[in-house]
Amino acid sequence: TPATQIRNFCIIAHIDHGKSTLADRMLQVTGSVADRDMRAQYLDRMDIERERGITIKSQAVRMPWSADGETFALNMIDTPGHVDFTYEVSRSLAACEGAILLVDAAQGIEAQTLANLYLALENDLHIIPVLNKIDLPAADPEKFAKELADLIGGSPDDVLRVSGKTGVGVEELLDRIVQDIPAPVGDPDAPARAMIFDSVYDSYRGVVTYVRMVDGKLNPRERIQMMSTRAMHDLLEIGVSSPEPIPSNGLGVGEVGYLITGVKDVRQSKVGDTVTTARGAATEALAGYTDPKPMVFSGIYPIDGSDYADLREALDKLKLSDASLQYEPETSVALGFGFRCGFLGLLHLEIITERLSREFGLDLITTAPSVIYEVLTDTGETVIVTNPSEYPDGRVASVSEPMVKTAILLPKDYVGTVMELCQSRRGALLGMEYFSEERVELRYRMPLGEIVFDFFDQLKSKTQGYASLDYEPDGQQEGDLVKVDVLLQGDKVDAFSAIVHREKAYAYGTMMAERLRKLIPRQNFEVPIQAAIGARIIARETIRALRKDVLAKCYGGDISRKRKLLEKQKEGKKRMKMVGRVEVPQEAFIAALSGD
Ligand code: GTP
């Protein structure tokens, strides 16, 4: 297809504003998917995505659309909507010339609408404002058309009104895409350059790489090169998704399609990288490549120690499809052998642990999420701490922690409550803005460590679900932070060490000591539980000694009952962990960690 007849666009929206439903309807209206093959959320392939109703991996699809007697190729690039995946969103946007800004006509603008809109504007995309779900009785298109027009400029009359559910307005939207979004421009005679905006592992075909051609052409069977690593691969297949994969005789300027080279690991085909040809290679990569960096760390342990090898295998498999997942082996006194894993954010962590248990049948325990602390020691050395048990005790000169800029959108009635919440999480107010009479944007700078600790749940419950949150990294900052240890009879229980703000150390210490006192059974001797900062004890609880012998209950005679009791004890012992002389059932650790 000549570039003049191509339109590349994406849909940006807040979660649940109906992006996938609208995409489905477009596939149907353009005849890309026959009615009888249609199923809800056609483009969301992963089960988890469908169940949670979120899009994790972006996808591209090519749809034919006729306007003014000409046939155009519309390439729709799906983008993930969640904050954890901002990097993937920004690459998908860079592959487009235009964006549909989709807003629920009963909800209005939300935090991710804004975050994604700003990303789209940074990428110079033409924006088409669209209100969705106009079939809903609660829809108020007049009000929200004005809100949208105020936000991006222009008149409320330019805001399209559609329903992804009924299909109303979808044809008009397709016409607008052809009319308003600029055709791609590039140099067909220059060396080939294609930007990778997604890379998906497929167990049958290996890695499928989605690209947007910028200059030149890629041909079938050509030898290609990844510009960040100079690695060479042979093209086994090149084609377009419409939406099923169809091999083509090459991709030219402005086209969007997929490449298959037989590589088995998405790290060999990285989002943001530039693909060129081995012969006549381009000299300059396209702008924008960065390695996604994990922000949140957590230890993942099998509940049954014999599952360790299976856990390793499962992580190796997930890594094939998720370049941002990081892990390395670690051991814990309390939990045994496991892995320290790095994630882009909390949702990413949740998705991975859910996939591990669902797709691989593993029973797992995860430690409290931690962020990256930079500890400067008294000898001037910097230690990067992603696991509190690696904290250089006694040698700490200062500690800095990662900060984020957050934007919270909420109805004005909740402003007071949310400000209190943010302040209790050490937030510094950056600004407050009214979007309409009742909706307000609050901007705070906050430590990321405060957000990973159930901030989002608190925000939702304090606003009855009406607030939305977005955040972006904003450097490191020194903080008054300390490490709190939890000790059983003087021995540290590594899985419970935490780095917290000094003012919260006491609360954390007493909470953990109390939980453990309730969870750990009595022993033959008294067991003190302590929380400490270095050598200083900040909280203490005691488990009193057990007096009676277990067997004392069985009055001599009943041998079989005695034996049963001993067997039972033996079984229980298997899952006991020793902390110094203290026997602790693993369930107690698990319960203490999960706060049950
Ligand atoms: P993410 O992929 O997670 O960003 O969500 P999404 O924006 O794709 O939302 P999705 O298409 O899954 O729709 C969210 C919910 O809104 C679903 O329950 C849909 O059935 C419903 N919905 C979507 N479009 C419409 C619409 O036009 N009218 C009505 N009444 N409901 C809609």
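Quick note: the coordinates plus some simple rules give every number you see, no bench work behind them. Everything quoted here is computed from the prediction, not taken from an experiment. Note: ideal-geometry Cβ built from the backbone for every residue, glycine included; neighbour counts use all protein chains shown.
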In whole Hz, the Karplus estimates of ³J(HN,Hα) for segment 68-74 (6.51, -1.76, 1.60; θ = phi - 60°; x where Gly or Pro) are 6, x, 10, 9, 9, 9, 9
Here, trypsin sites (Lys or Arg not before Pro) of segment 393-440 satisfying both criteria (DSSP loop; at most 16 other Cβ within 10 Å) are R395
Quickly rank 191-203, 525-537 as a protection proxy: mean count of other C-beta atoms within 10 Å, highest first.
191-203, 525-537
Quick one, can you get me the convex hull of the C-alpha atoms of the chain expressed as volume per residue in Å³?
190
With θ set to phi - 60°, apply the Karplus curve 6.51 cos²θ - 1.76 cosθ + 1.60 along segment 492-500 and write out the HN-Hα couplings as whole Hz, x wherever there is a Gly or Pro.
5, 9, 4, 5, 9, 5, 9, 9, 9
For I365, list long-range residues whose amide hydrogen, built 1.01 Å from N in the peptide plane, is under 5 Å from its own amide hydrogen.
Y301, I303
Tell me, H348, H126, H17 in order of fewest to most beta-carbon neighbours within 10 Å?
H126, H348, H17
If amide H atoms are modeled at 1.01 Å from N in the peptide plane, then the residues at a separation of 5 or more from Q326, or on another chain, having amide H under 5 Å from its own are G342
Which distance in Å, rounded to a whole number, links the C-alpha centroids of segment 435-508 and segment 311-387?
19
Per DSSP, the loop-located trypsin sites (Lys or Arg not before Pro) within segment 196-265 having at most 16 other beta carbons within 10 Å are R205, R221, R230, K264
Please list the non-local residues whose amide H lies under 5 Å from the amide H of L430, H modeled 1.01 Å from N, same-chain partners needing a gap of 5 or more.
R443, Y444, R445
What is the magnitude of the charge dipole of the chain about its Cα centre, with +1 placed on the Cβ of each Lys and Arg, -1 on the Cβ of each Asp and Glu, and no other charges, expressed in debye to the nearest 20?
3100
Residue order, fewest to most beta carbons within 10 Å, for E390, E122, E110, E437
E437, E122, E390, E110
Ranked output for segments 509-515, 442-448 by mean other Cβ atoms within 10 Å, highest leading, reads 442-448, 509-515
Using label points projected 7 Å from each Cα along Cα→Cβ, tell me how many nm separate M432 and D124, to one decimal.
3.9
Using a basic spin-label model with each label point 7 Å from the Cα along Cα→Cβ, how many nm lie between E359 and I152?
3.4
Beta bridges per DSSP with both ends in the chain, % antiparallel, nearest 5:
85
Return one number: the angle in degrees, 0 to 90 and rounded to the nearest 10, between the long axis of the Cα atoms of helix 141-152 and the longest principal axis of the Cα atoms of the chain.
90
Report, in listed order, any pair from K492/K518; K462/K504; K412/K483; K133/K217; K270/K483; K133/K462 with a Cα-Cα distance greater than 29 Å.
K412/K483; K133/K217; K270/K483
Per DSSP, the loop-located GluC sites (Glu not before Pro) within segment 217-297 having at most 15 other beta carbons within 10 Å are E284
Expected vector for segment 103-110, Karplus 3J(HN,Hα) from phi with 6.51, -1.76, 1.60 and θ = phi - 60°, integer Hz, x for Gly and Pro, equals 10, 5, 6, 9, 10, x, 5, 10
Helix-only CD estimate at 222 nm, as mean residue ellipticity for the chain, using -39500 (n - 2.57) per DSSP H run (n ≥ 4)
-8000 deg cm²/dmol
Chain lengthening between T379 and E472 when straightened (0.36 nm per residue, less Cα-Cα):
30.2 nm
Based on the mean of other beta carbon atoms within 10 Å per residue, what is the order of 19-30, 302-313, most packed first?
19-30, 302-313
Taking the Cβ of each residue in L114, L251 as the centre, tally the other Cβ atoms inside 10 Å and list the residues starting with the fewest.
L114, L251
Please name whichever of V200, G154, A183 sits farthest to the positive end of the charge dipole of segment 150-209, dipole taken about the Cα centre and charges placed at Cβ: Lys and Arg +1, Asp and Glu -1.
V200
